[in-house]
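Following: one structure in structure tokens, then a few remarks.
Rule-based calculations on the coordinates, nothing more; no lab input. Treat the numbers as computed from the prediction; the structure is a model and nothing was measured. Here the Cβ is made from the backbone with ideal geometry for all residues, glycine too, and neighbour counts use every protein chain on show.
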Amino acid sequence: MNTTIADRLSIAQSRINQAAQKCSRMPNEIKLLAVSKTKPNSDIIEAYYAGQRLFGENYVQEGEQKIIELSANFPDIEWHFIGPLQSNKTKVVAEHFDWMHTLSREKIAQRLNDQRPPAKAPLQVCIQVNISQEDTKSGIDAEQVMALATQISHMPKLTLRGVMAIPTATDDIQVQQDEFSKLQRIYQHLQQHFDNIDTLSMGMSGDLDVAIANGSTMVRIGSAIFGDRA
Ligand SMILES: *Cc1c(COP(=O)(O)O)cnc(C)c1O
């Protein structure tokens, strides 16, 4: 690609602005999470100098390494863990990340809470909901979200901020619409019962418009900013 990371970030930002405009929302209600998994620190630094502060990582060890290497010089980067997490890896996320989007089990929540260093602010978490029509195993069923949210609300080193989903991979706008509106209803229901709920983490390159029309407050974009992954 001839374009730079800064160019592609600004294109992504204009897509967000346009999608917001189409549904009469303020663009600044929607945050851009730059998904930097598999990409080198030099790419993250380039995005940083273009103004980007929120970065998403999927793999525990890779994320830990990047945070250790970058946090001294770039302390205002906000690090989001967005990958699947096994219970034997929770300590790394608890000790290094600022956010965790893929929480779907009480056991993992309890470990993250217990392992969060006392000196650090609470880990900001989203519950991952399985809204997909595909039979994936990632995320908790919609009916169980409130129970997990109640458990999390009793954990002092976790702050529940909202919900996240990875929808069915499809170009079918109607399927996207159904799934995103389902997640939005869950989000609104949470807002009625808990404080601090302000994050609806949904929307990627291919479904940005539908996600934003359904209230997304954080879109996750990787390859459109950093290029294809090997
Ligand atoms: C990789 C990933 C993204 C970004 O995907 P791209 O196709 O690179 O834009 C977004 N969300 C999650 C959960 C991911 O794992």
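Cβ-to-Cβ counts within 10 Å put THR168, THR199, THR3 in ascending order as THR3, THR168, THR199, the fewest first. Look at where the Cα atoms of segment 126-154 and of segment 174-218 average out, and the two centres are 14 Å apart. For segment 139-230, the alpha carbon convex hull comes to 122 Å³ per residue, rounded to a whole number. The HN-Hα couplings worked out from phi for segment 31-41 by the Karplus form 6.51 cos²θ - 1.76 cosθ + 1.60 (θ = phi - 60°) are 8, 9, 9, 8, 8, 9, 4, 6, 9, x, 4 Hz, whole numbers, x standing for Gly and Pro.
Between MET146 and THR38, the FRET efficiency from the beta-carbon distance, with R0 = 30 Å, is close to 0.25. Within the chain, all pairs of alpha-carbon atoms sorted by distance into 10 Å bins from zero give the percentages 8, 34, 38, 19, 1. Once the Cα-Cα distance is subtracted from the 0.36 nm per residue extended length, the PHE74 to SER181 segment shows a gain of 34.9 nm. Got the relative contact order for segment 72-219 handy, in percent, Cα pairs under 8 Å and 6 or more residues apart? Taking the mean separation of contacting Cα pairs over the length of segment 72-219, I get 18 percent. Reported to the nearest whole Å, the Cα centre-to-centre distance from segment 82-101 to segment 1-40 is 25. Among GLU29, GLU134, GLU62, the largest mean-square fluctuation in a Gaussian network model of the chain (Cα springs under 10 Å) belongs to GLU134. Exposure proxy shown here: for HIS154, HIS189, HIS101, HIS96, the number of other Cβ atoms within 10 Å sets the order, fewest to most, as HIS154, HIS189, HIS96, HIS101. Ignoring aspartates and glutamates fewer than eight residues from LYS66 along the same chain, the ones with Cα atoms less than 16 angstrom from its Cα are ASP43, GLU46, GLU57, ASP76, GLU78, GLU95, ASP98.
GNM remark for the chain: springs join alpha carbons under 10 Å apart, and the peak mean-square fluctuation among ASN113, ASN58, ASN73 falls on ASN73. Summarising the label geometry, the points placed 7 Å from Cα in the beta-carbon direction at GLN61 and ASP172 lie 3.9 nm from one another.
Per-residue extension of 0.36 nm, minus the Cα-Cα distance of ASN17 and GLN86, leaves a gain of 21.2 nm for this segment.
Within straight-line reach of LYS22, meaning a Cα separation under 26 Å, sit the following lysines at least 8 residues removed in sequence or on another chain: LYS31, LYS182.
Of the residues SER205, SER24, SER153, the one that moves most in a GNM of the chain with alpha-carbon contacts below 10 Å is SER24.
Over the chain, dividing the summed -39,500 (n - 2.57) contributions of all DSSP H runs of at least 4 residues by the number of residues returns a 222 nm mean residue ellipticity of -12500 deg cm²/dmol. Which FRET efficiency value, to the nearest 0.05, is calculated for TYR49 and GLN115 with the Förster distance at 35 angstrom and r the Cβ-Cβ distance? Efficiency at R0 = 35 Å is approximately 0.60. Run through the DSSP bridge list for the chain and note the antiparallel percent, rounded to the nearest 5. Expressed as a percentage, antiparallel bridges in the chain total about 0.
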